[in-house]
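Trainee: Following this message is one structure expressed as structure tokens.
No value in this document is a laboratory result; all are computed from the given coordinates. Since we're looking at a predicted model, the values are computed, not measured.
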Amino acid sequence: MRGDVKSKLNGVYLDSNRHLTFEQQDKAIKKQLKVIEKLQKRVKTEQQRKNQLASQLKELTQQQNTKEEMNR
């Protein structure tokens, strides 16, 4: 494996042997946290939608069962 492997940080490729300043690390971490927060919000919204659909399905199933029982 080569020693000059590069990694991407905030859209900039850096040599793996180059040390980042604390300010650069802090900026990168803050950017990552913002991305994580957005993803968490999206997951929460999708979970709420899933729960809503599950409730609707349960209600419709109960209504269908009630109608079937009344028709017997």
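Trainee: Taking θ as phi - 60°, what are the ³J(HN,Hα) couplings along segment 33-48 by the Karplus curve (6.51, -1.76, 1.60), each to the nearest whole Hz, with x for Gly and Pro?
Mentor: Those phi angles translate into 5, 5, 5, 4, 4, 5, 5, 4, 5, 5, 5, 4, 4, 5, 5, 4 Hz.
Trainee: So which lysines pass the test for Lys67, namely a Cα distance under 21 Å, with those fewer than 8 places away in the same chain ruled out?
Mentor: Output for Lys67: Lys58.
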